[in-house]
1. Taking 8 Å as the Cα distance limit and 6 or more residues as the minimum spacing, I'd like the relative contact order of segment 133-223 as a percentage.
2. Through the Karplus equation 6.51 cos²θ - 1.76 cosθ + 1.60, θ set to phi - 60°, convert the phi angles of segment 13-22 into ³J(HN,Hα) values in whole Hz; use x for Gly and Pro.
3. Within a 10 angstrom radius of the beta carbon, how do Leu256, Leu55 rank from fewest other beta carbons to most?
4. Just report the Cα centroid separation between segment 152-167 and segment 73-91, whole Å.
5. Take the alpha carbon atoms of segment 28-59, find their center, do the same for segment 212-241, and report the distance between the two centers in whole angstrom.
6. With the chain treated as a Gaussian network of Cα nodes joined by springs under 10 Å, which of Glu144, Glu160, Glu132 yields the largest mean-square fluctuation?
7. For the chain, what does the helix formula give at 222 nm: sum of -39500 (n - 2.57) over DSSP H segments with n ≥ 4, over the residue count, nearest 500 deg cm²/dmol?
8. Relative contact order (percent) for segment 2-257, with alpha-carbon contacts under 8 angstrom and 6 or more residues of separation?
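FYI, it's all coordinate maths here, none of it is from the lab. Remember, it's a predicted structure, so these values are computed and weren't measured experimentally. For neighbour counting, all protein chains shown are included, and Cβ atoms are generated from backbone atoms with ideal geometry for every residue, glycine included.
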Amino acid sequence: MFRVVSGVPLIVAANRDERLDRPAVAATVLREQEPRILGGRDLLAGGTWLAVSDLGVVAGLTNQPTADGRDPAKRSRGELPLMCAGQPTAKQAMDALTADVDPERYNPCWMLVGDRDTLFSVGIGAGSPTPEIEQLGPGLYVLENAPLRAGSLKAAFVREMVEPRLASQPDAGAAAIAEILQTVLKDHRPAVAEPRTDGSGRVWPASLTAACVHADGYDYGTRSSAIITVPAVGWPMMLVADGRPCETPMSDVTRLWTTDPAGEPAG
C-alpha cells in the first residue's frame, strides 16, 4: 500500500513461497551500515527476496517462471533487492539498476521498489537491454509470479480480500492495518478451483493460488511471512513469521536496527 494510509506512506505485506528444502533465514541484518539493511537471507545463493533499509527504502521480488527453472550460470536475482535497498532513495535505486544491471546476466524476476515518496514496478528479464521500470501512483498493488499488470487471478483474489477490510476501517492506523494484512497472509483459500498452467507451461495445483500455500505432495509452499511499515518519520517497523503465518506467530524484529541477530548492540 503506497500512500493509502494517513501518516504511513508505505506498507508491504509478503509471503515467501519457495522450495521447502531451500535453506534460508527469515529475518536478519543483511548490511551493517550506510545504510543498515534488514531482510531475509537465502542461504543457497546468498541474496534476499525482501529488504528494507533504515532510510525507508523497501525492495522485494517474485520469480519469473521459466521452463527450465533457475539458470545456475546466471547471477542470482536475490542480489537485486539488496542493491536497491542500499541506495538512499527508490529513485536512486532505479538509476542504479538502469546504469549497472544487464537483465541478460540475471535470472528473471519482477520487483516492487519504494520509499516514502515514490514506488516503482521493475521487470528484469531476457530480451530487454535494460530493466523495465514503471513509476506507480498511490494505491494498493499485489505482485505474484506474474507481471504487475497481467491481470493475475491470484493477485485479484488477494486484492478482493484486502480492499473490503480496509473500507470497513477507513481511519485504521498502522497497527490495525497490520492485523488486517496478517489475516490475509494466513488465508488458505485458492483463487481458482482447478490446477493452472503458468507462463512456462508447467501445471500447478490450485492450492498454489492461495495467499498461504500448503501444497500436499509438492516440496514447495509458504516458508515465511513479513509486514514492513514505513512511517512518515523514523525507522521502518518489521514483523516476521519464520514459518507459515497460519501456524507461526509474527515477531517484531524492529530491534535489529540497533542490535545484531544475537541481541548484542550494533556496531
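1. Working: 89 pairs, mean separation 18.0, N = 91.
Reported relative contact order: 20 percent.
2. Karplus-based 3J(HN,Hα) across segment 13-22 equals 10, 8, 9, 9, 9, 7, 4, 5, 9, 7 Hz.
3. Values: Leu256 23, Leu55 20.
Going from least to most buried by this count: Leu55, Leu256.
4. Each part's Cα centre sits 28 Å from the other's.
5. Here the answer is 14 Å between Cα centres.
6. Answer for the Gaussian network model of the chain: Glu160.
7. On the way: 4 runs with 46 residues, N = 267.
It comes out at -5500 deg cm²/dmol, rounded to the nearest 500.
8. On the way: 563 pairs, mean separation 56.6, N = 256.
Taking the mean separation of contacting Cα pairs over the length of segment 2-257, I get 22 percent.
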